1. Could you state the number of Å between the C-alpha centres of segment 77-138 and segment 176-195?
2. Ranked by Cβ crowding within 10 angstrom, fewest neighbours first, how are Thr258, Thr287 ordered?
3. Considering amide H positions built from the backbone, and no H for Pro or chain starts, which residues 5 or more places from Leu183, or on another chain, come under 5 Å of its amide H?
4. Compute the Cα gyration tensor for segment 212-301, then decide on rounded, prolate or oblate, letting a ≥ b ≥ c be the square roots of its eigenvalues: rounded whenever a/c is under 1.5, prolate when a/b is larger than b/c in the other cases, and oblate in all that remain.
5. Can you return the aspartates and glutamates within cross-link range of Lys145? Criterion is Cα-Cα under 18 Å, with same-chain partners fewer than 8 residues away left out.
6. What list do you get for Met233, Met185 if you sort them by fewest beta carbons within 10 Å?
7. With just the Cα atoms of segment 149-299, tell me how far they stretch along each of the three principal axes, in Å, largest first.
8. Could you work out the relative contact order of segment 149-299? I mean the mean sequence separation of Cα pairs under 8 Å and 6+ apart, divided by the number of residues, in percent.
Amino acid sequence: MLRKHALLSLVLILLSALIRVQAADLSAFPNTGNLPSHPQRIIAFPAGVVDSLDALGVKLLGMPDGIHLNYIKQTQAKTVGTLFNADLEAIHKLQPDMVMVGTRSAKQFTSVAEVAPTIDLSLPRGNTFQSALSRFDVLAKLVDKTAQAQPIKQELLTLRDDVKALVNPDERIMVVMVIGRSLNMLTEKTRIDWFHSELGMTLVEDDSKQLGELAPISFEYILAQNPDWLIVMDRDDAVGKPSSNAQQQMNNPLVNATMAAKRGKIVYLDGVGTLNAVGGVQGLKSTLQQLERAFSASARF
């Protein structure tokens, strides 16, 4: 009899803990209120969420077409529309336990929620790195992969610390995103906010105070700012479009006259983990590894 009571008590404790975990995990995200605690059949739209679930070994039921993540292994996933246009009929036929939207696909939340339990996993701005880790914790608990998540998370934290140790806060860093023939400066107000908050980079900011998230600039502006470092990303290449040939464009007399060019401190990132799979743990790892190599090479001279 005592054994039965002990077993019942243990079951109740475990159930209570599970309920508390679920409430704590999902409280930061808007949802329909009828989400399962441990979904098995998952459709994910955000590239960063697809990236993180793939890192945990989760096989997705469905995902949108056109996600340019060559490193993921999700060949079994059915196509359920695009990031901006969900195929509601395809989603309904698949009968998912949960559909995850966010960022670019967040506007589809209401329509998708009408056909399946849906959660918006958009990342808030301010510290994209920490927000990504928090979301990764949520995903790991939802799919019962907390043990697998811990070493992945620890590796990211270690890489972050390694890169931060190489960054000189006295050096000014300009981050440029190339889109076609257009140059845009990324600042602390954008998805690279964590370059400053987590890595200690002193980023060149928009001094006009009139521009939005993307600050259109010119080669003349780059020379006028004369940064110590230039970090350049080809946005088109990062999202699977024909490359803007960022390196070729940046190889001109104005850029070559900057302190960054003269000292060999121009870094070209592939941009997938920063501009495409925002908040994805595999993308974050790739970005940190590239930065570590670049700043380590500079430190040797």
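We did not get these values from a lab; they are worked out from the coordinates using the rules stated. None of these values were measured; they are calculated from a predicted model. Ideal geometry is used to build each Cβ from the backbone, glycine not excepted, and the neighbour counts take in all protein chains shown.
1. Using only Cα atoms to place each centre, the spacing works out to 25 Å.
2. On the way: Thr258 23, Thr287 26.
Exposure proxy ranking, most exposed first: Thr258, Thr287.
3. Amide H neighbours of Leu183: Ile217.
4. Details: a/c = 1.96, a/b = 1.24, b/c = 1.57.
Oblate is the answer for segment 212-301, as a/c is 1.5 or above yet b/c matches or exceeds a/b.
5. Asp25, Asp51, Asp54, Asp97, Asp137, Glu155
6. Working: Met233 26, Met185 21.
The fewest-first ordering by Cβ neighbours comes to Met185, Met233.
7. On the principal axes, segment 149-299 reaches 45, 34, 30 Å in Cα extent.
8. Values: 244 pairs, mean separation 40.3, N = 151.
The value is 27 percent.
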